[in-house]
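Worksheet: the structure to be examined is printed underneath.
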């Protein structure tokens, strides 16, 4: 059974830390859900902006490689690329003599959207970098370690969910 006593969480500050982390994730999720207009009067969803970004940064890589970079399936990239092609932000092309390998080329609108996305992240990342570099080196290292540990915990979440669910069913009284 999980130990969720208030004394344990409050004494260590873990509950407050988790509340802050949850709030940050919720804010990030809200930002990611909102489509953006990069200047052409067309709303682009986060998945579309991210594909434009990797296509702009890695113009000679196949859709399969771009999918891997984004951590999504080739099918998801193909669907997103089709939408962006219809909106006029990119074109899909085959390499000469190779009908299997498809590359993505940004159009002028795609290049402008790529520039918008890079400028947006430059501002946001610069603000974060200024805050982080203002910290002592030891504090920066501690934050980095904490983030790596949280990443490992997140990697384990699917298994943890299965174990918790299985445990709940095992503890459930049997009905006749």
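Read-outs: derived from the displayed coordinates by stated rules, not from any lab. Just so it is clear, the model here is predicted, and its values are computed rather than measured. As a convention, Cβ positions derive from the backbone with ideal geometry for all residues, glycine included, and neighbour counts pool all protein chains shown.
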Fraction of alpha-carbon pairs in the chain farther than 25 Å apart, rounded to whole percent, equals 55
Rounded to the nearest 10, the angle in degrees between the Cα long axis of helix 74-87 and the longest principal axis of the Cα atoms of the chain comes to 50
For 155-167, 42-54, ranked highest to lowest by mean beta-carbon neighbours within 10 Å, the order is 42-54, 155-167
Plugging the Cβ-Cβ distance of residue 26 and residue 91 into 1/(1 + (r/R0)^6) at R0 = 30 Å yields, to the nearest 0.05, a FRET efficiency of 0.25
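Figure the gain on full extension for residue 121 and residue 164 (residue separation times 0.36 nm, minus the Cα-Cα span) and round it to one decimal in nm. Could you put the intermediate results ahead of the total?
Working: separation 43, 0.36 × 43 = 15.48 nm, distance 3.79 nm.
The span from residue 121 to residue 164 would gain 11.7 nm if fully extended.
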With Cα springs under 10 Å, the Gaussian network model of the chain assigns the largest mean-square fluctuation among 76, 113, 129 to 129
If the chain between residue 150 and residue 105 were fully extended at 0.36 nm per residue, the gain over the current Cα-Cα distance would be 12.6 nm
Taking Cα atoms, the helix 46-57 axis meets the longest principal axis of the chain at an angle in degrees (rounded to 10) of 60
Taking Cα atoms only, helix 14-33 is inclined relative to the longest principal axis of the chain by an angle, in degrees rounded to 10, of 20
